[in-house]
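Structure first, commentary second.
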């Protein structure tokens with residue numbers, strides 16, 4: 001059944017006059033009458049009683065009227081869903097991220113902006129390490145991953161990485177630690193023999209590998225006393241004097257009693273990467289645009305300041 005026929009029928013039923021209905025539809029009366037007859041022939045029923053003086057719905061037409069309205073409303077809704085899905089306003093977006101990512105202002109801003117601009121998207125967030133993010137994206141359980149690493153992550157064919165931003169790493173230690181009281185910023189070589197508490201190697205594999213390489217270049221292997229699986233535990237144990245650790249600068253927004261943060265000299269940096277398949281669904285395309293805009297806007301604001 002042609003939806004145009006239903007629209008023509010509803011217009012005539014509203015006006016109860018073929019001339020006025022034709023004028024409203026922007027067409028002449030004879031073609032409108034022909035389209036109504038075609039609908040009646042298709043249905044095998046008469047929808048209107050026509051005389052030279054009046055137009056009235058038949059009993060079949062009267063009962064057909066509300067069903068025709070519902071059909072058009074549903075058709076319009078289906079078209080709207082298709083358009084909103086195509087432009088990323090409807091659908092699902094599954095994201096994975098390293099545990100420190102939400103503390104990065106640009107990432108937090110992007111998540112907020114996306115939820116405001118795309119409120120009907122079903123947004124699923126998963127805290128995952130590097131390898132899990134790659135696996136989940138490969139099998140279609142994630143659309144986008146955000147991970148840390150000094151170098152671009154090694155990815156299988158069909159996946160790509162986008163460098164989002166770079167930030168310094170800071171040495172976190174208890175305020176009465178000898179390295180906290182020094183005037184000069186500590187370097188990697190100063191950490192030889194110092195007990196370390198590290199965030200689990202699975203979650204932060206790339207940075208930990210880089211840190212181990214820096215220690216190796218300085219001629220020592222780091223003395224790791226504990227590996228933990230949460231930032232709360234990590235910071236709590238460092239503040240309790242169990243060792244020192246290295247954090248991204250974005251985590252300096254967290255305040256923990258008796259914990260101080262010192263920059264390293266020369267600086268040690270880490271990068272945040274966004275990974276995804278080459279072919280992105282509309283919701284992921286929309287988020288990619290939002291996060292790149294958030295980073296661009298933040299960089300512009302920093303330059304202006």
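Values quoted throughout were computed directly from the atomic coordinates according to the rules given, and no laboratory measurement underlies them. Keep in mind that this is a model prediction, so the values were computed, not measured. FYI the Cβ positions are ideal-geometry reconstructions off the backbone, even for glycines, and counts take in every protein chain you see.
With Cα atoms as the point set, the chain shows a radius of gyration and Dmax of 31.9, 104 Å. Computed over the chain with a Gaussian network model linking Cα atoms closer than 10 Å, the most mobile of 167, 67, 138 is 67. If the segment from residue 115 to residue 253 were pulled out straight at 0.36 nm per residue, it would be longer than the present Cα-Cα gap by 47.4 nm.
Under the rule a/c < 1.5 gives rounded, and otherwise a/b versus b/c splits prolate from oblate, where does segment 24-65 land using the Cα gyration tensor?
Values: a/c = 1.83, a/b = 1.31, b/c = 1.40.
In terms of gyration-tensor shape, oblate.
Length gained on full extension, residue 43 to residue 29: 2.9 nm, using 0.36 nm per residue less the C-alpha separation.
Each of residue 84 and residue 181 was given a label point 7 Å from its Cα along the Cα-to-Cβ line. The distance between the two points is 6.3 nm. Residues considered: 25, 155, 254. Largest GNM mean-square fluctuation over the chain, using C-alpha springs under 10 Å, is found at 25. Shown for 6, 247: other C-beta atoms within 10 Å of each C-beta, ranked fewest to most, produce the order 6, 247. The angle between the Cα long axis of helix 282-304 and the main principal axis of the chain comes to about 50°, on a 0 to 90 degree scale. Structure remark: mean-square fluctuation, Gaussian network model of the chain, C-alpha springs under 10 Å; the largest value among 38, 110, 68 belongs to 38. In plain terms, the residue of 62, 271 with the fewest other Cβ atoms within 10 Å comes first and the most crowded comes last, giving 62, 271.
Considering segment 223-279 at the alpha-carbon level, its Rg and Dmax are found to be 14.4, 48 Å. Once you divide the Cα radius of gyration of segment 166-269 by 2.2 N^0.38 Å, the number left is 0.97.
Per residue, the chain reaches -14000 deg cm²/dmol at 222 nm when only DSSP H runs of four or more residues are counted, each adding -39500 (n - 2.57). Listing 163, 273 from fewest to most neighbouring C-beta atoms within 10 Å gives 163, 273.
Remark on segment 3-86: ratio of C-alpha radius of gyration to 2.2 N^0.38 Å is 1.17. Here each label is just a point 7 Å from Cα along the line to Cβ, and for residue 139 and residue 151 those points are 2.7 nm apart.
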